[in-house]
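Student: Before we start, here is the structure in question, set down as structure tokens.
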Amino acid sequence: MREIGFDTVKETVAGLCMDANFEIGHDVVQAFRHGLEVEESETGKAILRQLLDNVEIAKTEKMPACQDTGWAVVWVEIGSGVRVSGGELYDAINQGVAKGYTDGYLRKSIAADPLRRKNTGDNTPAIIYTDIVPGDRLKITVQPKGGGSENMSEVRMLSAADGAEGIKNFVVDRVARSKANPCPPVVVGVGIGGTFDKCAQLSKKALLREIGSVHPDPVYAEMEQELLQRINKLGIGPQGLGGRVTALAVFVEAFPCHIATLPCAVNINCHSARHKSATL
């Protein structure tokens with residue numbers, strides 16, 4: 001059994017919280033540049049240039065790329081041959097989030113109770129998803145998720161008879177109704193199958209994929225491409241001011257489901273599309 005120290009996990013998570021907010025992924029930057037090549041709106045082009053400038057300023061100055069530094073969603077893959085010594089894994093993660101958001105001067109956005117609305121003061125608790133995998137490694141991914149894009153998310157319990165067309169129509173309609181609210185150009189995560197809660201988790205996990213990646217199943221790969229084309233024909237454009245580049249990517253994740261159901265969830269990422277990983 002391999003041991004990883006509590007403080008190692010804590011410091012790793014703290015660093016990921018800051019890095020995810022300060023350094024936008026290379027795949028997103030490349031997608032902005034590609035957007036400049038295909039965007040026809042002069043306003044849209046100007047916005048994309050501003051987004052590229054913002055990325056460089058955030059990275060150089062160690063400042064958040066967006067003022068909404070999000071809820072810390074943490075994805076954990078823990079090997080069956082690993083244990084955390086000196087404390088509990090979830091405690092280490094939450095202490096790491098608190099440290100990262102405090103040391104990095106990141107906005108604390110979490111209300112301790114959904115009705116009383118008092119801020120927790122350190123951006124905890126994190127939302128933590130854990131998978132037990134073979135091996136003796138611990139992989140941690142921090143995905144800061146902003147409130148504006150999260151508000152544009154939706155789960156719909158479709159009928160099995162709705163099929164692929166029903167799914168595609170729902171996804172496009174959800175983006176159309178979102179308009180400028182999620183700060184486009186967006187990344188769209190789609191979860192299909194599972195249960196009511198599982199498809200929502202899948203849609204958020206889909207947002208971790210690298211822009212430019214293709215689903216290994218040709219059926220879903222074709223669906224992703226068609227959805228991207230349809231969404232970019234909506235005319236919403238960068239920051240909702242019109243144009244061809246409404247979405248940078250659409251990612252679909254699927255899971256088995258009950259014979260009587262066809263759950264589908266849409267989770268939208270703003271243009272920052274933040275996440276960072278580390279393997280211990």
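Student: Considering only residues of the range 8-62 that are polar (S, T, N, Q) and out of contact with any strand residue (DSSP E or B) (no Cβ under 8 Å at 6 or more places or on another chain), which is nearest to residue 228 (Cα to Cα)? Spell out the reasoning first.
Tutor: Initially, the range 8-62 is screened for residues polar (S, T, N, Q), giving 8, 12, 21, 30, 41, 43, 50, 54, 60.
Those left that are additionally out of contact with any strand residue (DSSP E or B) (no Cβ under 8 Å at 6 or more places or on another chain): 8, 30, 41, 43, 50, 54, 60.
Values: 8: 40, 30: 17, 41: 18, 43: 21, 50: 23, 54: 25, 60: 32 Å.
Selected residue: 30.
Student: Only one residue in 206, 260 is in contact (Cβ under 8 Å) with a residue 24 or more places away in the chain and closer than 22 Å to residue 141 by Cα. Which one? Before the answer, list the steps.
Tutor: Values: 260 fails: closer than 22 Å to residue 141 by Cα.
Sole residue among the options that is in contact (Cβ under 8 Å) with a residue 24 or more places away in the chain and closer than 22 Å to residue 141 by Cα: 206.
Student: Output yes when any residue across the range 180-196 is surrounded by 16 or more Cβ atoms within 10 Å (Cβ to Cβ), in the same structural domain as residue 96 (by TED's automatic domain parsing) and assigned to a loop (DSSP other than H, G, I, E, B), and no when none is.
Tutor: no
Student: Can you confirm whether residue 40 is of a type in the set (D, E, K, R), outside the structural domain of residue 199 (by TED's automatic domain parsing) and under 27 Å from residue 245 (Cα atoms)?
Tutor: Working: of a type in the set (D, E, K, R): yes; outside the structural domain of residue 199 (by TED's automatic domain parsing): yes; under 27 Å from residue 245 (Cα atoms): yes.
Against the criterion (of a type in the set (D, E, K, R), outside the structural domain of residue 199 (by TED's automatic domain parsing) and under 27 Å from residue 245 (Cα atoms)), residue 40 qualifies.
Student: Related question: Here are some residues: 265, 249. Which one is in a strand (DSSP E or B) and within 19 Å of residue 158 (Cβ to Cβ)? So that I can check it myself, show each step before the final result.
Tutor: On the way: 249 fails: within 19 Å of residue 158 (Cβ to Cβ).
Being in a strand (DSSP E or B) and within 19 Å of residue 158 (Cβ to Cβ) holds for just one of 265, 249, which is 265.
Student: Looking for whichever is hydrophobic (A, V, I, L, M, F, W, C) and either touching a Phe, Trp or Tyr at 6+ places or on another chain (Cβ under 7 Å) or not assigned by TED's automatic domain parsing to the domain that holds residue 133 (or both) here; the options are 46, 14. Which one fits?
Tutor: On the way: 14 fails: either touching a Phe, Trp or Tyr at 6+ places or on another chain (Cβ under 7 Å) or not assigned by TED's automatic domain parsing to the domain that holds residue 133 (or both).
Among 46, 14, only 46 is hydrophobic (A, V, I, L, M, F, W, C) and either touching a Phe, Trp or Tyr at 6+ places or on another chain (Cβ under 7 Å) or not assigned by TED's automatic domain parsing to the domain that holds residue 133 (or both).
Per-residue answers, yes or no, for (1) touching a residue at least 40 places away in the same chain (Cβ under 8 Å); (2) hydroxyl-bearing (Ser, Thr, Tyr); (3) buried (at least 21 other Cβ atoms within 10 Å of the Cβ):
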residue: 2; (1), (2), (3): yes, no, no
residue: 13; (1), (2), (3): yes, no, yes
residue: 19; (1), (2), (3): yes, no, no
residue: 40; (1), (2), (3): yes, no, no
residue: 60; (1), (2), (3): no, yes, no
residue: 76; (1), (2), (3): yes, no, no
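Student: Let me ask something else. Among residues belonging to the range 108-158 that are without any contact (Cβ under 8 Å) to a residue 40 or more places away in the chain and not in a loop (DSSP other than H, G, I, E, B), point out the one that is nearest to residue 269 (Cα to Cα). Full working, then the answer.
Tutor: First, pick out the residues of the range 108-158 that are without any contact (Cβ under 8 Å) to a residue 40 or more places away in the chain: 108, 110-122, 125, 151.
Keeping just the survivors that are not in a loop (DSSP other than H, G, I, E, B) gives 111, 119.
Details: 111: 21, 119: 23 Å.
Top of the filtered list is 111.
Student: Say whether the condition of being more than 30 Å from residue 135 (Cβ to Cβ), of a type in the set (Val, Ile, Thr) and surrounded by 15 or more Cβ atoms within 10 Å (Cβ to Cβ) is met by at least one residue in the range 25-33.
Tutor: yes
The values are calculated or read from the model by the stated rules, or taken from the named source; none is laboratory data. Values in this document were obtained by computation on a predicted structure and should not be read as measured data. All Cβ positions, glycine included, derive from the backbone under ideal geometry; neighbour counts span all protein chains shown.
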